[in-house]
1. Does at least one position in region A:87-103 carry a residue that is farther than 30 Å from A:Cys360 by Cβ and not aliphatic (A, V, I, L, M)?
2. Sort out which residues of region A:353-372 are open to solvent by 40 Å² or more (accessible area, probe 1.4 Å) and farther than 21 Å from A:Val305 by Cβ, and write them in order of number.
3. Quickly run through region A:243-273 and pick out the residues that are under 50 Å from the mean Cα position of the chain (by Cα) and open to solvent by less than 40 Å² (accessible area, probe 1.4 Å).
4. Do we find a residue being more than 16 Å from RNA strand B (Cβ to nearest atom), among the β-branched types (Val, Ile, Thr) and either closer than 16 Å to A:Val592 by Cα or open to solvent by less than 10 Å² (accessible area, probe 1.4 Å) (or both) anywhere in region A:683-703?
5. Tell me which of these A:Gly450 doesn't satisfy, since it passes every other one: (1) more than 16 Å from RNA strand B (Cβ to nearest atom); (2) surrounded by fewer than 21 Cβ atoms within 10 Å (Cβ to Cβ).
6. Considering only region A:185-232, state which residues are basic (Lys, Arg) and surrounded by 21 or more Cβ atoms within 10 Å (Cβ to Cβ).
7. Could you tell me how many of the residues in region A:369-417 are touching a residue at least 40 places away in the same chain (Cβ under 8 Å), among the charged types (D, E, K, R) and within 17 Å of A:Thr168 (Cα to Cα)?
8. Filter region A:183-223 for residues that are of a type in the set (Lys, Arg) and near RNA strand B (Cβ under 10 Å from one of its atoms); which is farthest from A:Val101 (Cα to Cα)?
Amino acid sequence: MKNNLNNLDKPYNPKETEDKIYAIWEKSGFFNPDNLPKKPQTKKQKTFSIIMPPPNANGSLHIGHAIFVALQDIMIRYHRMKGDKTLWLPGADHAGFETQVVYDKKLEKEGRSRFQIPADQLRQEMWDFTQANKKTMENQLRKLGASCDWSREKFTLDKDIVEIVYQTFEKLKNDGLLYKGKRIVNWCVKHQTSLSEVEIKYQERKDPLYYIKYGPLELATVRLETKFGDTAVAINPKDKRYRKYVGEEIEIETVLGKSKIKVIADETVDINFGTGAIKVTPAHDPADFEIWQRHKDEMPEPKQVIDRFGKMNELAGPYQGLKIMEARKKIEEDMIKKGLLNYSKTDHHYKHNVATCYKCGTIIEPLILDNQWFVKMTEKPHSGGESLRDAAVKAVKSGKIKFIPKRFEKIFFHWMKNIKDWNISRQIVWGIKIPDENTTDVFDTWFSSGQWPFAVLLAQNRSSSKLKKNIFDYTTKDFEEFYPTDVMETAWDIIFFWVARMIMLGLYATGKAPFKCVYLHGLIRDKERQKMSKSKGNVIDPLGVIDIYGADALRMALVVGNAPGNDPIIYEEKIRGYRNFANKIWQASRFVLMNLDGFNPKAKPKLTLSDKKRLKEINKLKKEITKLIESFKFYAAAEKLYHYFWHIFADKIIESIKPRLRENNKKDRQAAQHLLLEILKTNLKLLHPFMPFITEEIWSKLPIKNKKLLMIEQWPKKPF
RNA sequence: GCGCGCUUAGCUCAGUGGUAGAGCAUCGCUUUUACACAGCGAGGGCCGGGGGUUCAAUCCCCUCAGCGCGCACCA
């Protein structure tokens, strides 16, 4: 029998194979579940679906994306081979704030600024920018071997998706789960937008804690510069020292002169901290804002003394125009001069945590903004049912949604317990405009991506006439077939940003959990355990790696030794090791093919006792691999396959069979050939989800009648 | 402050209530017609410390130490 591998280069050359193979797959149409061979009518068609976490269309794919491709493609290819109607739906995220930040930097380099460009023009520029990135990312996904259904691909700014997002917004509004108003928000003075609770990071800082005289009282504060915005002094109602002042107006002296201020009692004031008395600055402190909300009748309206750029405004008198830290220093000096500061008491080593922007590290300036939309997390909707938070917690507690690894469920519950209402207003141009006549704000990007699993399925084949129809009275074939999806596979660091929101919004909008299982992979580190980032210069470009070692090798390196939830370490030697493995597969396959002359597939093999043992052994392997994949232990399955192929099949079986291939005993030779081919075929199938390119290429060379593509061959399960 | 992890061979990581595992690296030997991106062989570990449960603990419980992470936070 003829063989082709014989003529090829000795070391396996992935470059010559991978693009060609991907083109064959894509052309076959089998990425689309509708084109897959149907099971006999007697058997019920099972489905399997994964919605791909849509990569941000503001750059190119990094090694973290390669992990999700490797893991999800394993599941997808396994289920496809098992005969399930398998859908992997790709997409891209406009990634509102993140993309705005990236684009701001680009503009900065060009000497431009988003605040000087007309909004429409900027939006068009950013649209072109993201569309170009999206194209690049699609090709990168192809390079990685992602067997996703491109015909169903969605972008978060597609018209139909936006329409669905608006309808969910309407529903939330009608259910009383939205409120808007003048609210205090986390304001980033650099990026000029408000941020949600998960978009701020606390950083420990040392700042002086000052003690200042307030009439008959003394109080402690870090923020001298906000004192012009004080609208009350608060004490604990149980504090005997100050109880007599409650309800009184006390006369105070500041650097701006004398004035009067009300003393109020609030239980949140800690008697033991500082002096037990605090200044209340509702316009610049979230906790103080809450105090004001509780004591509106006793206090004047909040007074904003810092503007959106982090500079003192006209209410700060002579300090107007100064940045916060400059103003603080100046005020400190002036207060000392005037004897308003008990300087000897100042704690210069006061450690506290300060909220900063998670992107740029700039200290967040809490500000009161108008027309801010918030989603209520802990209140019940008017139409009945549980709060967004409670429904989500229940779904996980009841096991409707499972986390892998399970420990993340605890982290999830802990966060949900402390969850705050969600500010979904962003003051940037890049995003979905909030349907509110009084604002140009856009939605927090996670408000749309939080709806992604049901939105992309409801948006399929949605004709323009149906576009307007409310999703809550409408369904699609895809939604019926594939929702809830089977697995949401993503990185653990976006549990709160994304996973929690998908669970809450999915349950709310559809009444069903958006997925049955959340598989969380870790963040890739370098050999020094540092996170990979462009600024550190330790990033690994997946395309560069693929160019040298091949996509199969990269995928294996990312899967083996990578248990869920742990942060894997990746380095070149590891990838090289799996390149070597790919070559081992290639060489062993070459050997089998080179020794097939005279092989008759129809002849009944006369197997020896040890041959039969080997077949038993491989039956056991099939079972084990299947079980490991089903239980999400991809790292173990990959390692086992590696070990079997290399150290059992290549080192032991092939070596021991060589003499039999040379002998003239035709029957025994047939048996040996039969054994080799059977084992090779089974291994290629089992390895296919992990190393799809090389296995498909070798499969194409095997002498098999009525051969299909390996990607849709039946997953091995029946014993010989 | 509340909470979650991790600690196993030089490195990266699996693992199970019953005599410790893999890959890489190391050290020998081998250029044998699938493969030197290789083969054959070898060395290497009080499974972080202490205590407990058990016939038996790397595994379960307690405790200590080191490392990492999440949440919260008051001026």
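The values are calculated or read from the model by the stated rules, or taken from the named source; none is laboratory data. What you see is a predicted model, and the numbers here were worked out from it, not measured in a lab. Backbone-built Cβ (ideal geometry, glycine too); neighbour counts: all protein chains shown. The area values use the complete protein model at the heavy-atom level, side chains included, leaving out ligands, DNA and RNA. Shrake-Rupley method; radii C 1.70, N 1.55, O 1.52, S 1.80 Å.
1. Scanning region A:87-103 turns up at least one residue that is farther than 30 Å from A:Cys360 by Cβ and not aliphatic (A, V, I, L, M).
2. Within region A:353-372, A:Asn353, A:Tyr358, A:Lys359, A:Cys360 qualify.
3. A:Thr254, A:Val255, A:Ile261, A:Val263, A:Ile264, A:Ala265, A:Asp266, A:Val269, listed by residue number.
4. no
5. Status for A:Gly450: all satisfied but (2).
6. Once the filter is applied, which keeps residues that are basic (Lys, Arg) and surrounded by 21 or more Cβ atoms within 10 Å (Cβ to Cβ), region A:185-232 yields only A:Lys227.
7. Residues flagged as touching a residue at least 40 places away in the same chain (Cβ under 8 Å), among the charged types (D, E, K, R) and within 17 Å of A:Thr168 (Cα to Cα) within region A:369-417 amount to 3.
8. Here the residue is A:Arg223.
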